[in-house]
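Here is the structure we will look at, set down as structure tokens.
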Amino acid sequence: MQHLNVGLIGGGFMGKAHSLAYAAMPMFFWPAPALPVRHTIAEATDELAAEAARRFGFERSTSDWRSVVNDPDIHVVDIATPNHLHAEIAIAAAQAGKHIISEKPLARTAQEAKQMYEAVTAAGVVNMVAFNYRRTPAIALAKKFIEEGAIGRILSFRGTYLQDWSANPDSPLSWRFQKSIAGSGALGDIATHVIDIARYLVGEFGSVNAMMQTWIPERPLQTGGADSLGTARGGQGPRGAVDVDDQVMTMIRFENGAIGSVEATRNGYGRNNYITFEIHGTEGSLVFNYERRDELQVCFASDGDDRRGFRTIYTGPAHPNGGALWPIPALGIGYGETKIIEAHDFFSAIANGTEVRPNFADGYKTALIDDAIVQSAETGEWVEVPGIE
Ligand code: NAI
Ligand code: SOE
């Protein structure tokens, strides 16, 4: 079994999730496609890096991500930093011939995403963007039903991603509220997950008509680089300007004729990780809510008029990736499992020399959709989403 050395850059929330996935992947998927070795972790300072290495089980640590990218012993570069560093790190890693997984959104703009896509294409390395939610077994099951034709031709997709961690005006001005670092707000941070799910389940976006809104224009300045996701509150100290959106809503015309909508907010009190979709087809409907992520609700026209209504399928060993997870349906799929499946699929692609989706082309396509949404919100017009050049 091949050992592949990972260089992980960024030891915050996603540094934790990816480290867990590398440790746990072979325990779930055995024989593993390859064994991820937690070789080096890079953080913003030497102290943070050393602490992250101890905590997440890495052999070495550094505050210089370039030394990781250029280390001949490293096979895989994992980018788990704030968004402004994704492009620079990914392009350097591709030029050094490393396989790359990057957190989402792939980049701050479509222009940046294009450069990343071109760099990995030229280098011929395996590349993946970490839209992990599509690996939730219930979402993969929805994909299977759609591909089997179980709900017929798709008519409409209605998707949401609603959270409330930043609804409090005292939650700090972390990097997620700064355009120079994040690129955009709720759009890039969370709407992109639903856009990825919509592309996965329905197909390519043709055009969009969107609104974007900033509800809290100033937030307390934050010291330190990591985002506490609202759990640390600022007091009466100085505040700085928010220059990204808190909320986005868009209508969608898909290329295949389906219509739909995506909305996302980080100010929806009572909603936590409320990723939902409802899909109507000519032969049935599918409904999903991540806060009940073991479940897929289905209604098939063939059920007959006298029993028409939604029933709940609890995902388990009979469903996509279920065999590798837990032996009984509804034992509980967690966020960690989506990252473990993601790690499995990424390392399988490296071991087998194949492609994995979503890849940088998908990340670039999503960035083109994001740019079209921003343009539409500014002009009030429908905006066509360009294809990949
Ligand atoms: P975070 O703020 O918790 O952690 C980011 C870490 O990067 C911090 O510890 C920071 O010190 C470190 N960092 C900053 N500059 C660095 C540098 N030059 N070299 C090395 N490390 C550096 O952020 P979080 O939540 O982990 O987000 C990271 C990325 O993951 C973002 O792109 C975000 O959009 C994405 N994300 C994806 C999620 C998913 O479900 N797929 C969930 C959460 C975040
Ligand atoms: C904050 O909105 C956040 O951590 C996002 O950055 C992630 O992508 C999402 O999965 C969870 O919430």
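Structure summary
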item	result
Share, in percent, of DSSP beta bridges within the chain that are antiparallel, nearest 5	60
Residues THR62, THR379 arranged by fewest to most Cβ contacts within 10 Å	THR379, THR62
Dipole of the chain [Lys/Arg +1, Asp/Glu -1 at C-beta], most positive-end residue of PRO238, ILE74, GLN178	ILE74
Span per principal axis, largest first, for the Cα atoms of the range 137-332 (Å)	62, 41, 29
Two-decimal log10 I(q)/I(0) for the range 199-272, as the Debye equation yields it once each C-alpha is a single scatterer, q = 0.12, 0.14, 0.19, 0.21 Å⁻¹	-0.52, -0.64, -0.89, -0.98
Hull shadow area, averaged, the range 36-192 [alpha-carbon convex hull, nm²]	12.2
Gyration tensor (alpha-carbon) shape descriptor, the range 296-375, a/c threshold 1.5	oblate
Under 10 Å, Cβ to Cβ, from GLN213 - net charge with Lys/Arg +1 and Asp/Glu -1	-2
Added length on full extension, which subtracts the Cα-Cα distance from 0.36 nm per residue, ARG308 to THR231	23.3 nm
Stokes-Einstein D (µm²/s) once Rh is taken as the Kirkwood radius of the range 157-238 over alpha-carbon pairs, at 4 °C in 1.567 mPa s	90
Residue (of SER166, TYR117, GLN95) at the positive-pole extreme of the chain, dipole from beta-carbon charges	SER166
Over the chain: helical MRE at 222 nm, DSSP H runs n ≥ 4 each giving -39500 (n - 2.57), nearest 500	-9500 deg cm²/dmol
Neighbour cut-off at most 10 other Cβ (10 Å), DSSP loop, chymotrypsin sites (Phe, Trp or Tyr not before Pro), the range 205-283	TYR269
Over the chain, equivalent-ellipsoid semi-axes from the Cα gyration tensor in Å	31, 27, 21
Inter-centroid distance (Cα atoms) of the range 276-293 relative to the range 55-96, Å	38
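A short reminder: the numbers here are calculations on the coordinates, not readings from a lab. Just so it is clear, the model here is predicted, and its values are computed rather than measured. Please note: Cβ atoms are built from the backbone with ideal geometry, for glycine as well, and neighbour counts cover all protein chains shown.
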